[in-house]
Amino acid sequence: MKIIKTVREMQEYSDSLRREGKEIAFVPTMGYLHEGHLNLMREGKKRRDCLVISIYVNPTQFAPGEDLEKYPRDFEGDERLAQDVGVDVIFYPSDREIYPDGFQTYVNVEKVSKNLCGLSRPIFFRGVATVCNKLFNIVKPHVTVFGEKDFQQLVVIKRMVADLNMGIEVVGMPTTREPDGLAMSSRNAYLKEGERESALSLSRSLKLAKELYEDGERSASGIIKKAREHIENQPHTKIDYVKICDTATMEDVEIMEKESVLALAVWVGFPRLIDNYVFGESSNIAG
Ligand code: AMP
């Protein structure tokens, strides 16, 4: 497994692979790897000849006061896990390498970035789209694998890749969960003892919503009300949003006719956790 820290070396390596006729799968991450990340990597490994991952905590997607400095990091642990799943290259750049002096170009994916996390984190998707565009130009992948756990992010990336003719296949993978249903996240490391139980209210409210939908409920506000009540009944929780959106436009829906997603963002103690359920899908929400 190679560890590459500079843009130039990564681009040269990808060019050399492409000259040999090899195809590249790419999984961007912010590190502190868990089984959810590893499942994306296993999928990438299956799909192409060479698997590149990036580990980079991208400062442009964090607003002042968010957890950029506190974000959990463990490069040595990540290296071991990556090696075990057969990663070929870890791209591990510094901030200066990604944002050198004079940097001033950003990518805005307009409509699908507006709702949900775009409301509470106004610069978030600009940062995500910009860094992913840069990483795609550096790693030059044929396919990239993202998690459906960050549902809106996946929609934003697919839109950007299509709109800017990047010619990269974007694959979404189902959310990997703990046995009790909690969606895996690097930010779960922030949860204190009592908060861990309260964090289950996210996946449990999704399960509740799924059951209501299966019983024929199609009113978004009816489902949202029940999901909110369930979350609010747990200690340590503070809701950022509970919304039901059209999966194509990410706009709120009232009557669920087309494919729609219930998306949640909730602070549980310090961390703000997200989760979602696409109605009508067979799901792995346990607990
Ligand atoms: P992050 O390191 O949190 O930026 O995530 C990197 C990638 O892993 C993104 O595509 C996420 O959607 C994906 N991911 C994070 N958590 C999970 C999970 N529990 N299941 C599936 N994918 C995940």
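Figures for the structure shown
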read-out: Test for I255: is it surrounded by 16 or more Cβ atoms within 10 Å (Cβ to Cβ) and either touching a strand residue (DSSP E or B) at 6+ places or on another chain (Cβ under 7 Å) or over 26 Å from K111 (Cβ atoms) (or both); value: no
read-out: Residue in segment 204-225 that is under 22 Å from V112 (Cα atoms) and either open to solvent by 40 Å² or more (accessible area, probe 1.4 Å) or in contact with a helix residue (DSSP H, G or I) (Cβ under 7 Å, 6 or more places away or on another chain) (or both) present; value: yes
read-out: Selection count where residues are closer than 12 Å to D78 by Cα and assigned to a helix (DSSP H, G or I), scope segment 30-62; value: 3
read-out: Some residue of segment 178-190 being open to solvent by 30 Å² or more (accessible area, probe 1.4 Å), among the small types (G, A, S) and farther than 19 Å from H34 by Cα; value: no
read-out: Sole exception among (1) farther than 30 Å from L119 by Cα; (2) within 14 Å of the ligand (Cβ to nearest atom); (3) part of a loop (DSSP other than H, G, I, E, B) for K22, by number; value: (2)
read-out: Residue within segment 78-91 that is under 22 Å from A129 (Cα atoms) and within 14 Å of the ligand (Cβ to nearest atom) present; value: yes
read-out: Breaking point among (1) within 24 Å of Q11 (Cβ to Cβ); (2) touching an Asp or Glu at 6+ places or on another chain (Cβ under 9 Å); (3) in a helix (DSSP H, G or I), for V171; value: (3)
read-out: Members of segment 69-116 that are part of a loop (DSSP other than H, G, I, E, B) and open to solvent by 80 Å² or more (accessible area, probe 1.4 Å); value: E69, K70, R73, D101, Q104, T105, Y106, N108, E110, K111, K114
read-out: Count of segment 227-277 residues which are polar (S, T, N, Q) and under 24 Å from F62 (Cβ atoms); value: 2
read-out: V87 touching a Pro at 6+ places or on another chain (Cβ under 8 Å) and of a type outside the set (D, E, K, R); value: no
read-out: Residue within segment 271-287 that is open to solvent by 60 Å² or more (accessible area, probe 1.4 Å), more than 23 Å from V109 (Cβ to Cβ) and modelled with pLDDT of 95 or more present; value: no
read-out: Members of segment 192-224 found to be closer than 16 Å to D240 by Cβ and either away from the ligand (no atom under 16 Å from the Cβ) or assigned to a loop (DSSP other than H, G, I, E, B) (or both), listed by number; value: E195, S198, S201, S205, I224
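The values are calculated or read from the model by the stated rules, or taken from the named source; none is laboratory data. Every value quoted in this text rests on a predicted model; they were computed, and no experiment measured them. Backbone-built Cβ (ideal geometry, glycine too); neighbour counts: all protein chains shown. We work out accessible area using only protein heavy atoms, side chains counted, and drop any ligands, DNA or RNA first. Shrake-Rupley method; radii C 1.70, N 1.55, O 1.52, S 1.80 Å.
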